[in-house]
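Below you'll find the structure, written out as structure tokens, and then a few comments.
The values are calculated or read from the model by the stated rules, or taken from the named source; none is laboratory data. Predicted model, so just to flag it, every value in this text is computed and none were measured. For neighbour counting, all protein chains shown are included, and Cβ atoms are generated from backbone atoms with ideal geometry for every residue, glycine included.
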Amino acid sequence: MNTRAYNPNYRPDRASGLPDPQTDPQFYDGVPAKRLIAWVFDIVLITVLWFVFGLLTLGLGWLLLPFWAVISFAYRTFTLTGRSATWGMRMMGIEMRDGFGQRFGLGQALVHTGLYTVSLMFMISQIVSVVLMAGTARGQGLHDIPLGSTAINSPMG
């Protein structure tokens, strides 16, 4: 095993800042499947939060189905800020990195979540994203490509 993969201070010397899938494949091993499981976990958690919101508003919140999207947007943005991973991603041991190999800040999390949300509106973009995540070296979804971001296995200390 390449010990660089588990060194949190590891900084690739490439211009992109992201680990190279050819020389550091351990950063990308199993990430598409982990990303899918994390996504399902996050969808369930967001739905539970929406359900609780509905209970707290005596059912009024359930009439506002679009509020599910607001909860989803806020959840994804704030969990991606700083630690660069939603709770589902943390559970699966993956995190998002920008094109320079750094964790997301608030601005990057907002833009990434916005692109993700727009991609959810169209079935074709979801299909393209799944194909890209499963078939490209870095496993980037359609909404990752404009930012140069990708999900990697979290480096362990």
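Worth pointing out:
- Members of segment 126-153 that are touching a residue at least 12 places away in the same chain (Cβ under 8 Å) and more than 15 Å from Asp20 (Cα to Cα): Val128, Ser129, Leu132, Met133, Ala134, Gly141, Leu142, His143, Asp144, Ile145, Pro146, Leu147
- Unmet criterion (only one of (1) at pLDDT below 90; (2) under 16 Å from Ser154 (Cβ atoms); (3) surrounded by 15 or more Cβ atoms within 10 Å (Cβ to Cβ)) for Asn7: (3)
- Of the helices (runs of 4 or more DSSP H) that lie entirely inside segment 46-157, those containing 3 or more residues that are under 11 Å from the mean Cα position of the chain (by Cα) and of a type outside the set (Gly, Ala, Ser) span 66-80, 87-92, 106-120.
- Subset of segment 86-135 (residues that are in contact with a strand residue (DSSP E or B) (Cβ under 6 Å, 6 or more places away or on another chain) and either among the acidic types (Asp, Glu) or farther than 13 Å from Lys34 by Cα (or both)): Arg97, Phe104
- Which listed residue is at pLDDT 95 or above and surrounded by fewer than 19 Cβ atoms within 10 Å (Cβ to Cβ), from Met123, Met91: Met91
- Test for Phe41: is it under 25 Å from Ala137 (Cα atoms), assigned to a loop (DSSP other than H, G, I, E, B) and hydrophobic (A, V, I, L, M, F, W, C): no
- In the set Thr117, Thr77, only one residue is in contact with a His (Cβ under 9 Å, 6 or more places away or on another chain) and modelled with pLDDT of 95 or more; that residue is Thr77.
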